[in-house]
1. If Ile129 passes every condition in (1) in contact (Cβ under 8 Å) with a residue 60 or more places away in the chain; (2) hydrophobic (A, V, I, L, M, F, W, C); (3) not in a helix (DSSP H, G or I) but one, which one does it miss?
2. Return the pairs, sorted by first residue and then second, in which the second residue is modelled with pLDDT of 75 or more, the first residue lies in segment 78-92 and is more than 14 Å from Leu123 (Cα to Cα), the beta carbons are less than 6 Å apart, and the residues are 6+ apart or on different chains.
3. Out of the residues in segment 110-125 meeting the condition of being over 11 Å from the mean Cα position of the chain (by Cα) and in a helix (DSSP H, G or I), tell me which one is nearest to Ser12 (Cα to Cα).
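The values are calculated or read from the model by the stated rules, or taken from the named source; none is laboratory data. What you see is a predicted model, and the numbers here were worked out from it, not measured in a lab. Quick reminder, even Gly has a Cβ in these numbers, built from the backbone with ideal geometry, and neighbours come from all protein chains shown.
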Amino acid sequence: MPDVSELLQALSDLNEEELEARLGMRAQTIGEDLKKGDTRSASVDSLEIDTAVPRGALDDALAAGQRLFNWISPAAYNLLCTPLGGDTADETMKELVKLLDEDLEKNIAKAAGMLAPFLVSSLGLAPAIAAVVATLIIKRTSKQGGKLICDRWKNTLPTTDPTVTSESSFGA
């Protein structure tokens, strides 16, 4: 059984496109396995970072991963960056901002490790999906200046989501 922190570190070393492709592949695998009654692929332990993405499946996996991320990210944003998220969301965001302010490059995996359980419990995501989504969120929102703040996150969201209206910004 691989160590979760090692898996998150390996995820943080991937670029955004690789993460999106792995998200698409993982979601497809989980869907196929759930039809068979097998839930093992939903576990974070099932992530295989060293496995190469088959070239023919890359475009389909990438498109599926982008669609899934564009569906999940606004929901996560609304939970963490709006007043409706509650005290748990406020504390999670404050801890993420603090961690990333200390050392962005060193703490991407740690921040994703903090965010993933929140995504599992709040959005009902499979742990394997939440780990990839959390890593993508951290990488996208913090690469511009070292801080995970809601304004930067809002700028990464798909423009077709009318539910994103908050002007909140942690860590600004």
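1. (3)
2. Cys81/Cys150; Thr92/Phe118
3. Lys110
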